[in-house]
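Read the figures in this text as sums done on the coordinates, not as results from a lab. Because the structure is a prediction, the values reported are computed rather than measured. Virtual Cβ from ideal backbone geometry, glycine too; neighbours counted across all protein chains shown.
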Amino acid sequence: MHPNPAFRGASREENLAFAARRGFGMLCINGPEGPLAAHVPFVIAPGGAVEVHLARSNGIARAALPAPALLAVQGPDAYVSPDWYGVPDQVPTWNYVAVHLRGMLHPMGAAELEPQVDALTGVFEGRLADKRPWTKDKMGEGVMERMMRGILPFRLEVTAVDGTWKLNQNKTPEVRAGVIAALEAQGGMAAEIAALMRALG
């Protein structure tokens, strides 16, 4: 994570809440031949553990577990031009939000897979405002069961939470205002970064 304390002010609860809203990250462990990584949707269960599932053929699923793991959750990001600061002697940079969740990755029991998949589906279907939530009841008889035989459930027992919210906190309000206006004009993910900058005040 970025070492500058100006970008590390979010609390554990704020970082966990951000990670939960994103719900997608890169799960990493050390493998016998180097790092292994998987890009996974996840839910944060009551108590703070992260639950994911992986294809049986995934390298992490076949690794010796439990093992130390990192879940890196990337938020929006945007390039910042030094021209936007309105003051001299600035350099280009990148504004972004990222949260790292560290802990021990454990396999879960087979009976825990279906409730985990249901919870994950429920969270993300619940965010869609324009339709009735999809449920596994829409699947043909036996189809869901066959598909679920190809995945395995895992739990990351989180022991450390780190977050970087690099949003020009080290600049004056006037300088930040110029960056916010320029990012808003870019639209897309840059506008998301601008909104986060505004929320910081």
Output the residue which, of all residues in the range 125-142 that are surrounded by 11 or more Cβ atoms within 10 Å (Cβ to Cβ) and either among the hydrophobic types (A, V, I, L, M, F, W, C) or within 20 Å of the chain's Cα centre (by Cα) (or both), is farthest from Arg12 (Cα to Cα).
Met139
Within the set of pairs 6 or more residues apart or between chains, which connect a residue that is touching a residue at least 12 places away in the same chain (Cβ under 8 Å) and surrounded by fewer than 21 Cβ atoms within 10 Å (Cβ to Cβ) inside the range 84-101 to a residue that is of a type in the set (Gly, Ala, Ser) and in a loop (DSSP other than H, G, I, E, B) with Cβ atoms less than 8 Å apart?
Pro92/Ser81
Those residues of the range 102-112 which are surrounded by 15 or more Cβ atoms within 10 Å (Cβ to Cβ) and in a helix (DSSP H, G or I), in sequence order
Glu112
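Where in the range 113-201 are there helices (runs of 4 or more DSSP H), lying fully within it, with 2 or more residues that are within 30 Å of Asn95 (Cα to Cα) and hydrophobic (A, V, I, L, M, F, W, C)?
Values: elements: 113-125, 143-148, 173-186, 188-200.
Qualifying helices (runs of 4 or more DSSP H): 113-125, 173-186, 188-200.
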Among Ala64, Ala69, Ala49, which is more than 29 Å from Ala195 (Cβ to Cβ) and without any contact (Cβ under 8 Å) to a residue 12 or more places away in the chain?
Ala64
Pick out the one residue from Ala181, Ala191, Ala111, Ala195 that is over 24 Å from the mean Cα position of the chain (by Cα) and more than 30 Å from Ala69 (Cβ to Cβ).
Ala181
Pro133 touching an Asp or Glu at 6+ places or on another chain (Cβ under 7 Å) and farther than 24 Å from Gly163 by Cβ:
yes
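Taking into account only those residues within the range 1-49 that are of a type in the set (Asp, Glu) and part of a helix (DSSP H, G or I), which is surrounded by the fewest Cβ atoms within 10 Å (Cβ to Cβ)? Explain how you work it out, then say what you get.
Looking only at the range 1-49, we keep the residues that are of a type in the set (Asp, Glu), and these are 13-14, 33.
Keeping just the survivors that are part of a helix (DSSP H, G or I) gives 13-14.
Working: Glu13: 10, Glu14: 14.
Top of the filtered list is Glu13.
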